[in-house]
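As structure tokens, the structure follows; a few thoughts come after it.
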Amino acid sequence: MKLNIVLVEPEIPQNTGNIARTCAAIGAKLHLVHPLGFSVSEKEVKRAGLDYWDKLEIEEHTNFERFLEKYKPEENNIFFVTTKGKQVYSDVHYSELDEIFILFGKETKGLPEDILKKYLDKTIRIPMRKTLRSLNLSNAVAIVAYDIFRQCDFFNLEEISSYFDEKMY
């Protein structure tokens, strides 16, 4: 299973840094769709991602249209995360899929409405109280990404920590 996390026009450097760190930890490819609200060389992005930047694969796209041309939703397992999603993220059977793309929109506006309407059956949401607008982007990525790996029996991730075995008597 190959997981792709796609950030469409992210605006907050610390979120992108945190997401890069999550992608490195689980072996997911990170896609950054321009325009970005910051430079990837900014210290906030680097600090949030710590020293993990060289431990993940990053693909940049000049704009959302180019991304959709390259990775056509009709031909790929693409899911659009939105508070308006048709199904709950955990209801999708990811373990049956070889390659998965999870798309997240910018922090202030989410994904474009016309895209969400066009691919309504591929929209997913994280349940939350109706009175709140949304979750933090990096938290949302972590929730969905780790559930995908949980469904896939944490494929290629460390199963048992040997830390205490090595440190014990």
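The values are calculated or read from the model by the stated rules, or taken from the named source; none is laboratory data. From a predicted model like this one, the values you see are computed outputs, not experimental measurements. Cβ placement follows ideal geometry from the backbone for every residue including glycine, while neighbour counts extend to all protein chains displayed.
Quick notes on this one:
- Pairs linking a residue in the stretch 22-41 that is under 15 Å from residue 65 (Cα atoms) to a residue that is polar (S, T, N, Q) and crowded, with 20+ Cβ neighbours inside 10 Å, with Cβ atoms under 7 Å and 6 or more positions apart or on different chains, are 31/4.
- Near pairs, Cβ below 6 angstrom, 6+ apart or cross-chain, from the stretch 104-116 (over 13 Å from residue 73 (Cβ atoms)) to any residue that is surrounded by fewer than 19 Cβ atoms within 10 Å (Cβ to Cβ): 106/11; 107/11
- Search result, residues across the stretch 23-48 that are at pLDDT 95 or above and part of a helix (DSSP H, G or I): 23
- Selection from the stretch 102-130 of residues that are in a loop (DSSP other than H, G, I, E, B) and charged (D, E, K, R): 107, 109, 129, 130
- Filter pass, residue 101 being closer than 21 Å to residue 24 by Cα, in contact with a strand residue (DSSP E or B) (Cβ under 6 Å, 6 or more places away or on another chain) and surrounded by 18 or more Cβ atoms within 10 Å (Cβ to Cβ): yes
- When 70, 84 are screened for being at pLDDT below 95 and either more than 17 Å from the chain's Cα centre (by Cα) or under 22 Å from residue 10 (Cα atoms) (or both), only 84 passes.
- The residue that is surrounded by the fewest Cβ atoms within 10 Å (Cβ to Cβ), counting only those in the stretch 8-22 that are modelled with pLDDT under 90 and of a type outside the set (Gly, Ala, Ser), is 14.
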